[in-house]
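First comes the structure, then the notes that go with it.
The values are calculated or read from the model by the stated rules, or taken from the named source; none is laboratory data. This structure is a prediction, so every number in the text was calculated from the model and none was measured. Positions of Cβ are generated from backbone atoms using ideal geometry, with glycine treated the same way; all protein chains shown enter the neighbour counts. Only protein heavy atoms, including side chains, enter the accessible area calculation; ligands, DNA and RNA are left aside. Shrake-Rupley method; radii C 1.70, N 1.55, O 1.52, S 1.80 Å.
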Amino acid sequence: MSAVPSEITPTEVLRDEPLRKHTSWRVGGPADLFFTPATVDELRRILVDLPATMPVHWLGLGSNLLVRDGGIRGAVISTGGLERELERLDGTHVRASAGLACMLLAKRCVRWQLGPAAFFAGIPGTVGGALAMNAGAFGGETWTHVESVTTIDRGGEIRERQRSEFQIGYRTVRGPADEWFLGAAFKFERDASSSMDAIKALLARRNAAQPLGVPSCGSVFRNPPGDFAGRLIEQAGQKGRRLGGAMVSDKHANFILNLGDATAADIETLIAEVQAAVERTSGVKLEPEVRVIGDPVDAAAKGGR
Ligand SMILES: Cc1cc2nc3c(=O)[nH]c(=O)nc-3n(C[C@H](O)[C@H](O)[C@H](O)COP(=O)(O)OP(=O)(O)OC[C@H]3O[C@@H](n4cnc5c(N)ncnc54)[C@H](O)[C@@H]3O)c2cc1C
């Protein structure tokens, strides 16, 4: 078992915390150590005190993560407990902290008559997760509006970085290695037409098209250039395909659902099978959008399923 830094009291760390409790797919084995720091100072202390060789994984709302059944060796840091800050810096600039839900960012910007920001309501994750993924919805993308970010590294050092220090693509963000987001400054436009009704209309469109209410991770695959992963999956006859407790949604083929008793292995195997079927029928190799982390369950534990 990994060492717990002496300065960190037992109430601040959970051992063998099941990650299925922290992911929207509701699957995932235990994390050796699970921290939910309440302040950035506490977070710094945790990072400094953890053994330098211990792997650290970051978790927002777990809405884009497939954690394997064997769980995570090392530490998981959840941003869910960090101060949720949202500040209007001037007429068009806003600073948001990593643990803030994207929905709150959307609603507050609408109230401030700033836009286009309503699209953030379609991303059921945190600002930190949206920065890591360059999440987007309804034609809007996170990094289109980022001017600078605050990062923290494995040694607890905090930096301000400009957008130009990152390479941004469709659902990809490349920047300095081993740094994570504490928050970002966004620039929007003044938008007198932005309203809560706009958010409600976007969410209604989403509810009509997506199987919400059943555990999933949203879109499993990135859309390939000029096409839609969902269309290719449907064309490959994969809609409704089941494996164990996992199923390709028959409402939106790019969603894989946990019907209740899916394991991460069920989902990961189904992802691979759908990917192979699409490649056979259309020649397109779909790339997963979801991030897969952790260890597969070991053979001994598997016998218990
Ligand atoms: C029903 C449903 C609908 C969805 N629709 C959309 C959609 O329309 N568009 C879209 O883009 N996504 C969508 N998603 C996927 C998901 O919501 C986004 O990718 C979101 O940005 C993930 O945020 P999170 O906080 O849940 O991150 P997590 O899933 O917790 O983490 C995702 C990745 O980000 C990293 N990360 C998290 N926080 C930080 C941080 N502070 N610093 C550095 N790295 C960090 C994690 O280590 C991990 O690699 C959907 C998901 C669901 C369940």
Using only helices, what value at 222 nm comes out for the chain when you add -39,500 (n - 2.57) per DSSP H run of length 4 or more and divide by the total residues, to the nearest 500 deg cm²/dmol? -7000 deg cm²/dmol
How large is ³J(HN,Hα), in whole Hz, for each residue of the range 32-48 in order, when computed from phi with the Karplus curve 6.51 cos²θ - 1.76 cosθ + 1.60 and θ = phi - 60°, using x for Gly and Pro? 3, 10, 10, 10, 10, x, 8, 9, 5, 4, 5, 4, 4, 5, 4, 5, 5
How much accessible surface does Asp178 have with a 1.4 Å probe, in Å² rounded to 10? 110
If the chain were replaced by its equivalent ellipsoid, with semi-axes equal to the square roots of 5 times the Cα gyration tensor eigenvalues, what would those be, largest first, whole Å? 30, 28, 16
If you take the square roots of the eigenvalues of the alpha-carbon gyration tensor of the range 1-126 and sort them as a ≥ b ≥ c, do you get rounded (a/c under 1.5), prolate (a/b over b/c) or oblate? oblate
Would you mind calculating the gained length between Met54 and Asp178 on full extension (0.36 nm times residue separation, minus the Cα-Cα distance), in nm to one decimal? 43.4 nm
For the range 153-209, the Rg and Dmax computed from alpha carbons only, in angstrom: 17.1, 45
Normalised alpha carbon radius of gyration of the range 95-148 [divisor 2.2 N^0.38 Å]: 0.97
3J(HN,Hα) from dihedral phi, the range 240-257, Karplus parametrisation 6.51/-1.76/1.60, rounded to Hz, x for glycine, proline: x, 4, 10, 8, x, x, 10, 8, 6, 4, 8, 9, 9, 5, 8, 9, 10, 9
For Leu257, other-chain or 5+-apart residues with amide H closer than 5 Å (H placed, Pro excluded) are Met247, Val248, Ser249
Listed by chain and number, the residues whose amide H is under 5 Å from that of Gly71, excluding neighbours fewer than 5 places away on the same chain and using placed H, are Gly29, Asp295
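If R0 is 30 Å, what FRET efficiency do you get for Arg190 and Glu165 from their C-beta distance, rounded to 0.05?
0.60
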